[in-house]
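Worksheet: the structure to be examined is printed underneath.
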Amino acid sequence: MSLFCPREKAEEMSMNGKLGMRAFSLLLALLLVSVGVVSAVSAERVEDVSRGWLDTFDHWVGPRDMSEYTPVVETPQWVPITEESARQHPGMIALDPEKAAELQEIDAIGADVVPVSPGKVSLTLKHESVERESSDSDTTDSIPDVRMTQGTIIWYWTQDTWVSHEITIHNYDYSVVSGTVIFWSLEDNYGYGVPFSGLAPGEDLNVMVPFKVSAQNSSIGVKPIAVAITVDPGGFTSWIERMPIDAIEKYNNDASHLFDPGGGENLETSDLYHFPFSEGYRVLSEAARAADGTTEPYQSAYEIMQRVHDMMEYNNETMYVEYIFSDLYTLDHPSPINGKYQGVCDEYGTLYTAFTRALGIPTRFLSFTMELPSGNITGHAIAESWNGTTWVHSDPTWNVFDNPQVYRTAGNDHINITVYGDADDSYYTQDPNDPTGDGILRYEDFRTQILLGEVPRYN
């Protein structure tokens, strides 16, 4: 199998802080001709046609499994909340783990789900009319029937912040009821409750339930949620159901948490990275599943790297060779044979960057050239994620993490790195085969390029 592919993408660069870009001629289709793990021959080219940055090397690096060079990534032990620890947080209630596991296994309640704003949905639950008459009760100790009928749920959570959920409850019973409305995070085994009182038969009540997304008591990723209503006296559960939408928990990027050293630049969306609520919920959900259950940025980035490596299939067809595909385009165009996502190293890096940024991990996209033992020059695309103190190397194409020396280990030299950012599909307009807004970009569409050069930790 060929491990290198020719590729065209960017432009000549002149370094002056952030590098400007120059326009170039039309792209050419290239012929892949390479054999072996480290050897390759140059692609055929038409003379006098500039291919920008891609003319600085002969081939793109292909897939390799270098996972044996990844340092051991330890999984921090997660300690579930207990009733004792819950008492340290006013309003917090510990949920029995067995009950939480039971609720996660059942189907979510039927409801109409309508987005109302970024990260927020409106729910209308489907209940049959079950109003009771006072004569229906033969005993005084029956549990009143109070249920949730509507709600406005915040599903995109940032750690160490409060989110507030508006829950509408209805008294289907024959008597005045008091109790508590509880919003549960099932995976984390805790929730917050708000008491209510004097709810008359047949009446509705809106209850605002604040919920603290506690970094100390939760993890990153998918968050199945439930709402429960307990009634007095005795705190018996009148109603409890898993909600029809799962929440997604991300890292906090304020100054006291996982602050981006680029001031937010390494968390931005663009024409390459789409995780806003309106257009990129699929990116958010894929990212959440990839990092689900992790508690530290380093661990989360590692899990995402592995997931991207596993979900991608290396495809060096001309389009993947000549352009860089956005996260949404990649997710929307899987292989018809095995369902895997398609691309070469820059698509691997793009998907990884989109996933990590979606969960609040500052990440920068890198491309670089390096010299092979043969003397040929090859190109590669990777990423680096910020763990709070340093940039951590991540290469989903090679399935290796936190080992920037791996390229030297593979026999390469002179690793010359450039950071690419601010992807704008309308920026470069001289390619008639690259319409604006199609999710297929050229390297010239990166508005900023920062030349790092031969970074010591890679060389």
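Can you give the extra length, in nm with one decimal, that the chain gains between residue 254 and residue 106 once fully stretched, where that is 0.36 nm per residue apart less the Cα-Cα distance?
Going from the current span to full extension adds 49.7 nm.
Going by amide H atoms built from the backbone, whose H comes under 5 Å of the H on residue 241, apart from near neighbours?
Counting only residues 5 or more places away or on other chains, the set is 227.
Can you list the residues, at least 5 places off or on another chain, whose amide H is less than 5 Å from the amide H of residue 62, using H built in the peptide plane?
4, 5
Apply the Karplus parameterisation 6.51 cos²θ - 1.76 cosθ + 1.60, with θ equal to phi minus 60°, to every residue of the stretch 283-297 and state each ³J(HN,Hα) to the nearest whole Hz, in sequence, with x for glycine and proline.
In residue order, the calculated couplings are 4, 4, 5, 4, 5, 4, 5, 5, 9, 4, x, 7, 10, 10, x Hz.
So what is the 222 nm mean residue ellipticity for the chain from helices alone, if each DSSP H run of at least 4 adds -39500 (n - 2.57) and you divide by all residues, rounding to the nearest 500 deg cm²/dmol?
The per-residue figure over the chain is -4500 deg cm²/dmol.
Quote the Stokes-Einstein diffusion coefficient, in whole µm² s⁻¹, for the chain, based on the Kirkwood radius over alpha carbon pairs, a temperature of 4 °C and a viscosity of 1.567 mPa s.
For these conditions, the coefficient is 53 µm²/s.
Placing unit charges on C-beta atoms (Lys and Arg positive, Asp and Glu negative, everything else neutral), compute the dipole magnitude of the stretch 83-250 about its Cα centre in debye, rounded to 20.
Here the stretch 83-250 has a charge dipole of around 740 debye.
Nearest 5 percent is fine: what portion of the DSSP beta bridges confined to the chain is antiparallel?
Antiparallel bridges make up about 90 percent of those DSSP assigns within the chain.
Provide the gained length on full extension for the span residue 64 to residue 216, in nm with one decimal, where the gain is 0.36 nm per separating residue minus the Cα-Cα distance.
51.0 nm is the gain from fully extending residue 64 to residue 216.
Report P(r) for the stretch 83-250: all Cα-Cα distances, bin width 5 Å, range 0 to the bin holding the largest distance, values in whole percent.
Percent of pairs per bin, in order: 1, 8, 18, 22, 20, 15, 9, 4, 2, 1, 0.
Express in whole angstrom the spacing between the alpha-carbon centres of the stretch 138-193 and the stretch 60-116.
For the stretch 138-193 versus the stretch 60-116, the Cα centre distance is 21 Å.
What relative contact order, as a whole-number percentage, does the chain give when Cα pairs under 8 Å and 6 or more residues apart are counted?
Relative contact order, the chain: 17 percent.
Per-residue counts of other Cβ atoms within 10 Å, averaged by peptide: what ranking do you get for 58-65, 264-271, 115-122, highest first?
58-65, 264-271, 115-122
For the stretch 356-371, take each phi angle, set θ = phi - 60°, evaluate the Karplus expression 6.51 cos²θ - 1.76 cosθ + 1.60, and give the result in whole Hz per residue in order, putting x for glycine and proline.
3J(HN,Hα) across the stretch 356-371, in whole Hz: 5, 4, 4, 9, x, 9, x, 9, 10, 8, 10, 10, 8, 10, 8, 8.
Determine the distance separating the Cα centre of the stretch 344-372 from the Cα centre of the stretch 203-256; give it in Å without decimals.
If we compute the Cα centre of each part, the gap is 34 Å.
Take residue 454 and residue 317, extend 7 Å from each Cα along the Cα→Cβ direction, and tell me the distance between the two endpoints in nm.
3.9
Distance between Cα centroids, the stretch 268-292 to the stretch 386-407: provide it in whole Å.
Between the Cα centres of the stretch 268-292 and the stretch 386-407 lies a distance of 21 Å.
Which aspartates and glutamates have a Cα lying under 15 Å from the Cα of residue 126, excluding residues fewer than 8 positions away in the same chain?
107, 112, 241
Any chance you could run the full-extension gain for residue 166 through residue 120? It's 0.36 nm times the residue separation minus the Cα-Cα distance, nm to one decimal.
Difference between extended and current length: 15.5 nm.
Every read-out reported here was derived from the displayed coordinates using simple, explicitly stated rules and does not represent laboratory data. Nothing here was measured: the structure is a model prediction, and the numbers come from that model. We place every Cβ from the backbone using ideal geometry, glycine too, and count neighbours over all the protein chains shown.
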